[in-house]
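This report refers to the structure that appears directly beneath it.
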Amino acid sequence: MFELLPGTGLALPYGAGVLRFGMTEREAQWAVATLADVRESWVCQAGWAFTARYQGLELHFSGDHTDRLGRPEYHRDGFAGVQLRRCDPAPTEPSAVPVVLQGIDLFGYPAADVLAALGPDPHPAVRLPPAGSPSPDGYLPSVWLSADGPGKGAT
């Protein structure tokens, strides 16, 4: 089970640890590598990024975010955000691995049920796809967690 911990980071399955916001790229990659192969990636305005696949999920991590306009208040050192995305872009069944926020498995129930339980904006640092995306009867395809709310280091 992956657990989204707003303000803290992401708890990994099987006691592999917690990726804490602010940790270095090496620390984050080391923890994720205990579960899956880590591949370098790229994210706009991030100093580093990497991806991993785990049981039908793609995980996209990034850190050392900067602002393209050079505003220091938008700079974020270390691990700053993660996107967990289903490999199936239009999932029609629960994920093999729970992705939990506030005790609710985001990928384990139809999107309408999840959004009804959490609301469309469950936390400023968590972004969910809009209702009806990709289909009204489907499951959520992705979730984003950032160290800060929208506009400050969000991935």
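The values are calculated or read from the model by the stated rules, or taken from the named source; none is laboratory data. On a predicted model such as this, the values are computed, not experimentally measured, just so you know. Cβ atoms come from the backbone with ideal geometry, glycine included; neighbour counts cover every protein chain shown. Accessible surface areas use protein heavy atoms only, side chains included; no ligands, DNA or RNA. Shrake-Rupley method; radii C 1.70, N 1.55, O 1.52, S 1.80 Å.
Please give the calculated 222 nm ellipticity per residue for the chain, where each DSSP H segment of at least 4 residues contributes -39500 (n - 2.57) and the sum is spread over every residue; nearest 500 deg cm²/dmol?
Value at 222 nm, helices only, nearest 500: -3000 deg cm²/dmol.
Expressed as a whole percent, the accessible area of segment 1-110 that falls on carbon and sulfur atoms is 50 (1.4 Å probe). Shape summary of segment 11-72, radius of gyration then Dmax from alpha carbon positions: 12.5, 40 Å.
Counting only the backbone N, which residues of segment 63-79 are under 17 Å from the spot 7 Å out from the Cα of Trp30 toward its beta-carbon? What the label zone holds, given the 17 Å backbone N cut-off, is 78-79.
Accessible area per residue for the chain in Å², computed with a 1.4 Å probe and the full protein assembly in place, what is it? It would help to have the intermediate numbers written out before the result.
On the way: 7810 Å² over 155 residues.
Result: 50 Å² of accessible area for each residue.
When only Cα pairs below 8 angstrom with a gap of at least 6 residues are kept, segment 5-155 shows a relative contact order of 22 percent.
Percentage of Cα-Cα pair distances in the chain greater than 26 Å, rounded to whole percent?
22 percent
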